[in-house]
1. With respect to residue 273, determine if the residue is surrounded by 12 or more Cβ atoms within 10 Å (Cβ to Cβ) and part of a loop (DSSP other than H, G, I, E, B).
2. For the stretch 178-208, name all the residues that are touching a Ser or Thr at 6+ places or on another chain (Cβ under 9 Å) and in a helix (DSSP H, G or I).
3. Could you pull out the residue among 255, 238, 213 that is within 25 Å of residue 47 (Cα to Cα) and crowded, with 18+ Cβ neighbours inside 10 Å?
4. Take the stretch 44-59 and flag every residue that is without any contact (Cβ under 8 Å) to a residue 24 or more places away in the chain and within 15 Å of the ligand (Cβ to nearest atom).
5. Can you name the residue in the stretch 216-235 that is in contact (Cβ under 8 Å) with a residue 12 or more places away in the chain and either more than 25 Å from residue 280 (Cβ to Cβ) or in contact with a Cys (Cβ under 7 Å, 6 or more places away or on another chain) (or both) and, of all such residues, is surrounded by the fewest Cβ atoms within 10 Å (Cβ to Cβ)?
6. Would you mind finding the one in 28, 41 that is within 16 Å of the ligand (Cβ to nearest atom) and open to solvent by less than 10 Å² (accessible area, probe 1.4 Å)?
7. Of all residues in the stretch 65-84, how many are within 16 Å of the ligand (Cβ to nearest atom), outside any helix (DSSP H, G or I) and open to solvent by 40 Å² or more (accessible area, probe 1.4 Å)?
Amino acid sequence: VPETHTGPGDRPGVLYIAGAGRSGSTVVARYLEAAVDACHVGELRYVWSRGVDERQLCECGEPFGQCHFWSAVLAGAYPDGVAPVRERMAVLSGRVDRLRHVPGNIAVARGRRDSADVEAYADCLVPMYQQVLRVSGSPVVIDSSKDPSYLFALHATGRIDLRVLHLVRDSRAVAFSWTRVKSRPEVHWEDQVMTMRRPTLAARRWMENNLAVELFGRVGPPVHRLRYEDFATDPEAVTSHLVGELSLERRTGPVPDPGHSFSGNPIRFDRTPLRVRPDTAWTTQLDPRERRKVAVISFPLLKKYGYPLW
Ligand SMILES: [Zn+2]
């Protein structure tokens, strides 16, 4: 990467995909990366633990930090090495990026409180986003971390130009996905499967995460809600709508192949063209009793998002 490349402004543009786990964010992010001028980095929140510490595989197949993309990003962001930054992040994440810190982060974002922790956190994190833009030559980073606590933390820094896509998916489809056994090819040193959850726990987390994103919509920048089912039915129409709503640019150059997204659904390793289609397996395969329990736990938001209750 030439040193003379004009860097982005101080506030890197980030399209943040927020919501509950297993809502289809990897599919949406991959589709968007191909359609608009943006760089999909995967789940940047987990780059410290799963990337810097564990060296899990990047989408390109190399261990994190070894492919040309991430080595250029890390070298540009942390000229003194990533190790000291990682140590600071281990402490700061617990002080800034937790749901219990949301009220504090709202106060910081509104300028009602100063926080040395949030400042230090931004000093660690913002250079990473800036370097992703520099190395990829993109105007926007797509970050599919999803966690609302991280979203509030990013907003509190005041140093990121945030656009927020709230991705929702029927809680019963999400709960069913948590019961399925999926391998994790990015953990290349042993056989691991993705975490599994009981449907009722998945439903409670679904409520928690979506309510937190709803709260963000009231106190932070505008939040654009997208139902995964609507996207899966007509991804092109949805994308056209999002391009306008989120002030994105259509991609004119080639799509990065392979991309360098990190952490997320294993489908990101699938090199065959992305097929987007509605996944309704839960309607026949999720136990009817579990399905009812999930509906009971999540009914206020199911209703709000326009899903049939029974
Ligand atoms: Zn890579």
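The values are calculated or read from the model by the stated rules, or taken from the named source; none is laboratory data. Computed from a predicted model, the values in this text were never measured in an experiment. All Cβ positions, glycine included, derive from the backbone under ideal geometry; neighbour counts span all protein chains shown. The area values use the complete protein model at the heavy-atom level, side chains included, leaving out ligands, DNA and RNA. Shrake-Rupley method; radii C 1.70, N 1.55, O 1.52, S 1.80 Å.
1. no
2. Initial filter on the stretch 178-208 (touching a Ser or Thr at 6+ places or on another chain (Cβ under 9 Å)): 178, 186, 191-194, 196-199, 202-204, 206-207.
Across the stretch 178-208, the qualifying residues are 178, 199, 202, 203, 204, 206, 207.
3. Details: 255 fails: crowded, with 18+ Cβ neighbours inside 10 Å; 238 fails: within 25 Å of residue 47 (Cα to Cα).
Of 255, 238, 213, the one residue that is within 25 Å of residue 47 (Cα to Cα) and crowded, with 18+ Cβ neighbours inside 10 Å is 213.
4. Across the stretch 44-59, the qualifying residue is only 55.
5. Step one: filter the stretch 216-235 for residues in contact (Cβ under 8 Å) with a residue 12 or more places away in the chain, giving 216-217, 219-229, 231-233, 235.
Keeping just the survivors that are either more than 25 Å from residue 280 (Cβ to Cβ) or in contact with a Cys (Cβ under 7 Å, 6 or more places away or on another chain) (or both) gives 216-217, 219-223.
Details: 216: 23, 217: 15, 219: 15, 220: 20, 221: 13, 222: 10, 223: 19.
That would be 222.
6. Exactly one of 28, 41 is within 16 Å of the ligand (Cβ to nearest atom) and open to solvent by less than 10 Å² (accessible area, probe 1.4 Å), namely 41.
7. Total meeting the criteria: 1.
Residues checked against (1) open to solvent by less than 20 Å² (accessible area, probe 1.4 Å); (2) at pLDDT 95 or above:
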position: 117; (1), (2): no, yes
position: 142; (1), (2): yes, yes
position: 157; (1), (2): yes, yes
position: 160; (1), (2): yes, yes
position: 166; (1), (2): yes, yes
position: 172; (1), (2): yes, yes
position: 181; (1), (2): no, no
position: 184; (1), (2): no, no
